[in-house]
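One structure below.
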Amino acid sequence: MSMAAARVKKLAALPLLLALCACWGRDDKVQENILPTNVKPEILEMLHGSLEDPTNIRDAALSEPVLKPVAGSPRYVVCVRFNARDSSGQYTGMKNLAAVYFGGRVTQLIASNNEQCGGVAYQPFPELQRLCREVVCPKKT
């Protein structure tokens, strides 16, 4: 192969190489604030794993997703409140949490404050009141 032919071959590969380099350097930012669509199942899963006693929860309610400031950034937040029992079976009083969403998925449950949950409209959350200890509750016969 002549030197000129080798040079042409290298130049022909240059656009492909540049395209690959551009892809490596690109920072595809996740769309942070996607409206959550799977709210109840995700919250139920997180609470089931974090409550000392997930059974016999009282007064459960939650809000619709709303954009609220969390640590200085707008995030979709769903406010949840309920009265759960501790490991000894005693009710602990009303707990107010904010489910924080990123990219349409719940990423954390935090203690809510007035900035996140003040003035939201709550709706009954009977699914939370029906939690059981098992991941899949046994069917009642």
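Please treat every number below as a calculation from the coordinates, not as lab data. On a predicted model such as this, the values are computed, not experimentally measured, just so you know. Positions of Cβ are backbone-derived with ideal geometry, glycine not excepted, and every protein chain shown enters the neighbour counts.
Numbers for the structure displayed
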{"quantity": "Translational diffusion of segment 39-129, µm² s⁻¹ [Kirkwood Rh, Cα pairs; Stokes-Einstein; 20 °C; 1.002 mPa s]", "calculated": "162 µm²/s"}
{"quantity": "Residues with amide H under 5 Å from that of F102, placed H, sequence gap 5 or more", "calculated": "T107"}
{"quantity": "Residues D53, D86 arranged by fewest to most Cβ contacts within 10 Å", "calculated": "D86, D53"}
{"quantity": "Amide H within-cut-off set for D53, under 5 Å, with H built and near neighbours excluded", "calculated": "R85"}
{"quantity": "Under 5 Å, built H, 5+ apart or other chain: amide partners of V70", "calculated": "R75"}
{"quantity": "Label point distance in nm, Q31-A121, each placed 7 Å from Cα along Cα→Cβ", "calculated": "2.6 nm"}
